[in-house]
Amino acid sequence: MSEENIENSADISLDELKAFLPELVKACHYVSELFYEAPSEDSWIQFAQLLQSMDDLYKVTNALALELAPQRLYTIIQRELARFSESMAMKFTELNELLDAEEYIRAADQMKYELSPLFENLSRTLGEESTVLLQRFESNMLFLKRYFPNVHSNIVQIVPDLASYQIAYTRNGSPNLVIDNGDKTIYFYSQYNPEYEAEIWLKSIEQPLRGKDNAIVYGLGLGYHLLALAREYPHLNLILFEPDPQLFLVAMRVADLPALFSKLNVKMFIVGGDRNIRNVAFHQLARMEKKETGVISLPVYDRIDSNHKIEFFEDAKTSLMLYEISLKTRVKYSMQWLQNKLYNMPYIINTPSLRGMRGQLEGFSAVIVGAGPSLESDIDTLKKLKNHALIIAAGSSIQSLLHYGITPHMIVSVDGSIDNYRVFDQLNISEIPFLFNPQIHHRIIEDKQKLIHFLLDSDMTARYLIGWEDDLDPIFNSPPSVTGPAIQAAIYMGCKEIILAGQDLSYPGSKVYAPGAKHFNEQALDTTIELANLLVENVQGGMNQTTALMRVTLNGIERVIEKYSNTRFKNTTKQGAKIRHTEWEPMEEVLRRLESVHVPSDIIERSFGRSLLPYSDFRKQEMTDRITRMSEQIDQMESDLKWIEKKLEELEPLAYKNPNKCWDKMEAIEERWETIMNHEVFNAIVSTLISEELRIYDRDLPELANEKNTVQKARLFRSVLGPFIKGTIETLPSLKSLIQESVSRLESHPRMVTEAL
């Protein structure tokens, strides 16, 4: 008999047993009452029928216990049936002895207070009928399909593992989950009262949730803890993460998701271990939060998979920290970055992107060199390795490489700050191919000859100015380090092995940079080490000093690496941080492996000559036209914004005097405002200068949209739109100056010929 047939047969037998037990309990109570007085002939007839029913029950439970014993699908139920049969045999024997001794009242007690509760407990233990479980599962799936389609599409193709994940029932009749892998059995909740357990847990999370409006919850289970959370913290905005899809599939047979979620403010629900999806969720929560976010979990996950839980908590903290750092960085450097992108347009228009290099270096390995202190110990080997692998200098590492006399095959740079300009100032690198992003400080590339550019997926300004062609142009993810784009560029060009050198991503031996780095001052380095009060595991199994920012950088690089499962990653740093998804290998061993491979020093230039794809004249003209039209578009936008600003002042008085006219005016404002918000120049250019105002606006907009009271809505119009519009208007004079200068640079810039490369 197949496993499916065994399951169906067992379910039918168990369902019959579940239906029979409540009737037996009633009969037990009825007959017991007859024996509290001298039993009549009818009493004995009723007892005989009860006796036959109990005998049938004993035989059925015994047979089922034996039948299910080899089947892992029914481990929990089989154990309960076996325990029940043993208990029933003992109590049944006691009942017979009492009747033989004509101890009728004690026999009645035995039926009422021993056997009847035994049957009731078995009924609770067996739980609901299989048809009820299936109907609830299907209802939950429909709920997910409607409200959480991503979860539905993620689990709909998964076959439930009903052997390892089973349903049990507690002494108070509440459902429980059991994980049984053959070696260990884990009960998800208390086997007596999971609701009480959830109330005790609630007290343990007071500190993590104090003053919080948002919470990330690790683990859904059957919802007992979440229901307790909803009663105590009804205001919380929640991101729910259930790491185990199999556990969730079984839970959906007994948990009522629509009823549970109706009591919760669930902003996002994720099932499964996709780190990219959950990191996006963390980012969205950070963007929309008004107060801090707490991170909590169900205690049982420490026993199920503590490592996965720790990883989740670290990812949550890192993602929230990354967003905060990114926001502060955007606020600080937004004008500088926009200036760079506009001033760099003549070079972008007249130099090629990396587009033509796709797959051109297949078969070669690439060494992505960082400026970490461990680079010093590998420098002699790296000199030799240059003949056997592509050497790519990531950002400031070019200083250390040149210090040791190593000319890389390529430099990659992204940073738009003046500090990055100081890295390249005075360096003689005109003959080295220079791969840059439009955000790079504009003075860095002014005197460079062998320029190539790439794009970052989060750069909406470049998307507009250059005109992306997603399937063709080199568009990379944007982690908080130049190492990420350097890795992606190497893979884009066809490299199947990435070797990381000098990527310490920590401060081993209280050192920050390898020798040769000159773009810093000693006081800044001392401050960095003083702030390095965190620890991270290194490749030797010890611990290195690190900072929160460096931890974010490490995590960002790990996320990039994780996406390229078909690429081999080697970490050669002798003292650096351990990097997930890489294998540690000494650089000497890398050299030995690759010594038969020959990489010409001008391999990039040769490939350019064969594969370079400059922009067409038509696309160049499109880019130029976008910039030259921008001043006029900004003028119109400024006029509309000032009109809205004036109308906002009129709303609240009008709300009291003439509510209908107030609604008309609000609709007119919305119409004008939507035109601005949907304008490509606003989204690509203006919005980059008002990151903080935009975040607050997005956060508060739902409250404005949902408000129905005229006076309150008028106030919200002013409080939500007012600061945003004011901040936008204040940025426009500076923006106009940048645009005018960029047009002048375009008009005066000589046309460059790609053949010069």
> In region 332-347, what residues are among the hydrophobic types (A, V, I, L, M, F, W, C) and either outside any helix (DSSP H, G or I) or open to solvent by 50 Å² or more (accessible area, probe 1.4 Å) (or both)?
Replying inline: Met335
>> Only one of Val25, Val31 is among the β-branched types (Val, Ile, Thr), outside any loop (DSSP other than H, G, I, E, B) and over 24 Å from Asn176 (Cβ atoms). Can you tell me which?
In response: Val31
>> I'm trying to understand the selection: among the residues of region 661-688, which are under 27 Å from the mean Cα position of the chain (by Cα) and either of a type in the set (A, V, I, L, M) or exposed (fewer than 12 other Cβ atoms within 10 Å of the Cβ) (or both)?
In response: Ala684
>> For region 383-414, give me the residue count where each residue is under 29 Å from His441 (Cα atoms) and assigned to a helix (DSSP H, G or I).
In response: 7
>> For region 435-458, check the following and say yes or no: at least one residue is within 30 Å of Val280 (Cβ to Cβ), under 25 Å from the mean Cα position of the chain (by Cα) and open to solvent by 30 Å² or more (accessible area, probe 1.4 Å).
In response: yes
>> Looking only at helices (runs of 4 or more DSSP H) that lie completely in region 175-257, which have at least 3 residues being modelled with pLDDT of 90 or more and within 29 Å of Thr75 (Cβ to Cβ)?
In response: 194-204, 224-232, 245-251
> Quick one: how many residues across region 349-375 are of a type in the set (A, V, I, L, M, F, W, C) and either at pLDDT below 95 or part of a loop (DSSP other than H, G, I, E, B) (or both)?
Replying inline: 7
> Could you say whether any residue in region 95-104 is in a helix (DSSP H, G or I), in contact (Cβ under 8 Å) with a residue 60 or more places away in the chain and either open to solvent by less than 30 Å² (accessible area, probe 1.4 Å) or closer than 20 Å to Leu34 by Cβ (or both)?
Replying inline: yes
> For Arg171, which of the numbered conditions (1) loosely packed, with under 15 Cβ neighbours inside 10 Å; (2) touching a helix residue (DSSP H, G or I) at 6+ places or on another chain (Cβ under 8 Å); (3) under 23 Å from Gln246 (Cα atoms) fails to hold?
Replying inline: (3)
> Can you find a residue in region 691-708 that is open to solvent by less than 40 Å² (accessible area, probe 1.4 Å) and closer than 19 Å to Leu465 by Cβ?
Replying inline: yes
> Just for region 214-249: of the residues that are of a type in the set (Asp, Glu) and without any contact (Cβ under 8 Å) to a residue 60 or more places away in the chain, which one is least open to solvent (accessible area, probe 1.4 Å)?
Replying inline: Glu242
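Condition check ((1) open to solvent by less than 40 Å² (accessible area, probe 1.4 Å); (2) modelled with pLDDT under 85; (3) over 21 Å from Leu118 (Cα atoms); (4) under 57 Å from the mean Cα position of the chain (by Cα)) across all residues:
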position	(1), (2), (3), (4)
Asp42	no, no, yes, no
Gln46	no, no, no, no
Gln49	no, no, no, no
Leu64	yes, yes, no, yes
Glu67	no, yes, yes, yes
Pro70	no, yes, yes, yes
Ile76	yes, yes, no, yes
> How many residues does region 613-652 hold that are basic (Lys, Arg) and in contact with a Leu (Cβ under 7 Å, 6 or more places away or on another chain)?
Replying inline: 1
>> Within region 606-619, does at least one residue satisfy the condition of being open to solvent by less than 30 Å² (accessible area, probe 1.4 Å) and of a type in the set (Lys, Arg)?
In response: yes
> Give me the pairs: first residue in region 682-699 and of a type in the set (D, E, K, R), second residue modelled with pLDDT of 85 or more and in a helix (DSSP H, G or I), beta-carbon distance under 7 Å, and six or more apart or on different chains, which are they?
Replying inline: Glu693/Pro723; Glu693/Phe724; Glu693/Gly727
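The values are calculated or read from the model by the stated rules, or taken from the named source; none is laboratory data. Keep in mind that this is a model prediction, so the values were computed, not measured. Glycine also receives a Cβ, built like all others from the backbone with ideal geometry; neighbour counts cover every protein chain displayed. Areas reflect the complete protein model, heavy atoms only, side chains present, ligands, DNA and RNA absent. Shrake-Rupley method; radii C 1.70, N 1.55, O 1.52, S 1.80 Å.
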